[in-house]
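Working notes for the structure below.
The values are calculated or read from the model by the stated rules, or taken from the named source; none is laboratory data. Source: prediction; values computed, not measured. Counting neighbours? That spans all protein chains shown, and the Cβs are built from the backbone with ideal geometry, glycine included. We work out accessible area using only protein heavy atoms, side chains counted, and drop any ligands, DNA or RNA first. Shrake-Rupley method; radii C 1.70, N 1.55, O 1.52, S 1.80 Å.
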There are 2 protein chains.
Amino acid sequence: MEPVPMLLAMTYRAMGDQFHDRLRQIGLEPLRPAHGYVFRFLKERRATTVDIGQHLGVTKQAAAKIVNELDEWGYVLREPHPTDKRAQYVTLTTKGRDYLKFADNLWSDLEGEMAEAIGEDTVATIKQGLTAYLRHVHGEDQPGLRPVW
Amino acid sequence: MEPVPMLLAMTYRAMGDQFHDRLRQIGLEPLRPAHGYVFRFLKERRATTVDIGQHLGVTKQAAAKIVNELDEWGYVLREPHPTDKRAQYVTLTTKGRDYLKFADNLWSDLEGEMAEAIGEDTVATIKQGLTAYLRHVHGEDQPGLRPVW
DNA sequence: TAAGGTTAGACAACTTGGTTGACTACTTTG
DNA sequence: CAAAGTAGTCAACCAAGTTGTCTAACCTTA
């Protein structure tokens, strides 16, 4: 049997490809994974570009590029930080929130199909197992999200 | 709970980082994942550069770069294809096989630690589940291995 | 068996998505 | 209040891929 990381990489790609294909079928412009992860991150909290970079596991400059794109495309906007005049909060626009909602539905469709294929309890075990492992490896301080290839 | 693909990406990175760190601790030059995947691929079969590219999910030109590196570093060598004068078989040298053996031990250490953390049966379920899912998604014809970020 | 289409590999130009480094304006700490 | 640290921006660079082109060899197939 393949080593675990290979299975992870292959499954990641398989799911990502399907996600991407379906977005295109529907005609929604397929952003890159990083963009989606930013949406998801911003949904839960207010964050600066630096925060986003940290979450993605890239430099603040790389994060700034992504934020710029999302801004140009109308998915996020910047608002002044209430107390720190250097900083800006990046926040989702309605368009951004809509995209996220749509993507989330698509993900849960895909997860449902996975459950059909290998069993709902197996999917649950996988999710819990990986979550537990991640918690075990680096307690509370989440690492970068980006896989390094 | 996070969507499955995020968990996959994060776990992939977490394991990869540990692998990388330990290789460095030991002083072994840390190749990139792609190199390791090539070793693993060549262990099982004879392959040309084109085959390798297909396996990795990249163009033959990209595969050629990787093979060139491995050649320069002494991990593989090229030998003439017995019947096709255009083609070359890429084969592992002893150095390549040794590296692979070492890496495999390291991977199984890491997998053992994962089993300690979340339970041996959970790891087994994860491996079987992902394998089954991959088989379900694209029957026998394996797709590229590289995660797209 | 010659002709037309395909393929392995090499070379070059380019694109993408990141990096490092430097700098300004502002903030925090001692 | 001075010194150190931080958010964001700009610019130069880099790594790892891509596309496109070419040659030599291969594979029909008529």
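Things to note:
- Criterion: among the small types (G, A, S) and under 19 Å from A:M10 (Cβ atoms) - qualifying residue of B:G144, B:G119, B:G96, B:G112: B:G144
- A search for C-beta distances below 6 Å between a residue of segment A:11-23 that is buried (at least 20 other Cβ atoms within 10 Å of the Cβ) and any residue that is not aliphatic (A, V, I, L, M) and not in a helix (DSSP H, G or I), counting only pairs 6+ apart in sequence or on different chains, returns A:Y12/B:P147; A:R13/B:P147.
- Complete set of residues in segment B:40-70 that are hydrophobic (A, V, I, L, M, F, W, C) and either modelled with pLDDT under 95 or surrounded by 21 or more Cβ atoms within 10 Å (Cβ to Cβ) (or both): B:L42, B:I52, B:A63, B:I66, B:V67, B:L70
- Segment A:15-46, residues that are farther than 24 Å from A:V58 by Cα and in a helix (DSSP H, G or I): A:Q18, A:D21, A:R22, A:L23, A:R24, A:Q25, A:I26
- Scanning segment A:75-96 for residues that are in contact with a Phe, Trp or Tyr (Cβ under 8 Å, 6 or more places away or on another chain), more than 16 Å from DNA strand C (Cβ to nearest atom) and either open to solvent by 80 Å² or more (accessible area, probe 1.4 Å) or assigned to a strand (DSSP E or B) (or both) yields A:L92, A:K95.
- Test for B:I126: is it more than 16 Å from the chain's Cα centre (by Cα), open to solvent by less than 40 Å² (accessible area, probe 1.4 Å) and not hydroxyl-bearing (S, T, Y): yes
- Restricting attention to segment B:56-100, the residues being within 14 Å of another protein chain (Cβ to nearest Cβ) and either in contact with an Asp or Glu (Cβ under 7 Å, 6 or more places away or on another chain) or away from DNA strand D (no atom under 14 Å from the Cβ) (or both) number 1.
- Exclusive hit being farther than 20 Å from B:T125 by Cβ and either exposed (fewer than 14 other Cβ atoms within 10 Å of the Cβ) or within 16 Å of DNA strand C (Cβ to nearest atom) (or both), set A:W149, A:W107: A:W149
- Considering residues of segment B:129-146 that are within 7 Å of chain A (Cβ to nearest Cβ) and not in a loop (DSSP other than H, G, I, E, B) only, the residue most open to solvent (accessible area, probe 1.4 Å): B:H136
- Residues of segment A:111-123 satisfying the condition of being open to solvent by 30 Å² or more (accessible area, probe 1.4 Å) and at the interface with chain B (Cβ under 7 Å from one of its Cβ atoms): A:E111, A:A117
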